[in-house]
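Structure first, commentary second.
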Amino acid sequence: MKRKTQRMIYVGAGLGILAFAGALAFFAIGDNVRFFYSPGDLRQMSAPPSTAFHLGGLVKPGSVHKDNEMVLRFVVTDGASDVPVVYDQTEHGLLPDLFAEGQGAVAEGRLGADGTFVATRVLAKHDENYMPPEVTDALKRSGEWQRGESP
């Protein structure tokens, strides 16, 4: 066998191994990737996502209600669209202390058949000036964000 043929076999085998490793990495990461959507993004989709994702926006003032002691319902808004959210603190832990109406929040979970987002985790901003970048971008796209002012 000529050296050129051997070299081509080694290069082909190397590319095959590299493609196999890339495919394994893609499938391993695929289950852990969570996409971010704003309420407006969900409204524009023809088919809502069936996998878990992040929903971000502002907690609509006057929308926080407790079904019982531990089940909380609230609305996440980007100013143009609203998405109702339910969060069971018994199953997933207490909400962060900084969770409040009118503040930015990111919820992780799935969209239910009735259009209610069932959250498994809720993240709230950690100081008065911080807003998650995804929420800031979504608010800017919807025209609700004004620089230097609280949204």
Quiz item: Pick from LEU95, LEU24, LEU58: which is most flexible by mean-square fluctuation in a GNM of the chain where alpha carbon atoms under 10 Å apart are linked?
Solution: LEU24
Practice problem: Taking the Cα centre of segment 42-104 as origin, work out the dipole magnitude from +1 charges on Lys and Arg Cβ and -1 charges on Asp and Glu Cβ, in debye rounded to 20. | Solution: 220
Self-check item: Leading residue at positive end of dipole, the chain (Cβ point charges), from THR90, ILE17, ALA119
Solution: ILE17
Exercise. For THR120 and ALA25, compute 0.36 nm times the residue count separating them, minus their Cα-Cα distance, and round to one decimal in nm.
Key: 31.6 nm
Quiz item: Considering the chain as a Gaussian network with a 10 Å cut-off on Cα pairs, which listed residue, GLU134, GLU101, GLU91, attains the greatest mean-square fluctuation?
Solution: GLU91
Quiz prompt | Charge context of ASP137, other residues only, Cβ under 11 angstrom, K/R +1, D/E -1 | solution = -1
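Counting only protein heavy atoms, what percent of the accessible surface of the chain is carbon or sulfur at a 1.4 Å probe?
Looking at the chain in its full context, I get 56 percent from C and S.
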Self-check item: Among LEU123, LEU15, LEU111, residue whose mean-square fluctuation peaks in a GNM of the chain (springs only between Cα atoms under 10 Å)
Solution: LEU15
Quiz item: How much area per residue is accessible in the chain when the probe is 1.4 Å and only protein heavy atoms are counted (Å²)?
Solution: 65
Exercise. As a check on your grasp of the helix formula, calculate [θ] at 222 nm for the chain: sum -39500 (n - 2.57) over DSSP H runs of n ≥ 4, divide by the residue count, round to the nearest 500.
Key: -10000 deg cm²/dmol
Quiz item: Where does helix 133-142 land angle-wise versus the long Cα axis of the chain, in degrees 0 to 90, nearest 10?
Solution: 70
Self-check item: Share of pairwise Cα separations in segment 18-99, more than 23 Å, in percent
Solution: 39
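List the relative contact order of the chain as a percent without decimals, with contacts defined as Cα pairs under 8 Å and 6+ residues apart.
Here the relative contact order equals 20 percent.
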Quiz item: Taking the chain, how many lysine pairs are there with alpha carbons less than 30 Å apart, if each pair must be eight or more places apart or span two chains?
Solution: 4
Quiz prompt | Within-14-Å neighbourhood charge of VAL83 [Cβ basis; K, R +1; D, E -1] | solution = -1
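The values are calculated or read from the model by the stated rules, or taken from the named source; none is laboratory data. Predicted model, so just to flag it, every value in this text is computed and none were measured. Glycine also receives a Cβ, built like all others from the backbone with ideal geometry; neighbour counts cover every protein chain displayed. Surface accessibility is based on the protein's heavy atoms, side chains included, excluding ligands, DNA and RNA. Shrake-Rupley method; radii C 1.70, N 1.55, O 1.52, S 1.80 Å.
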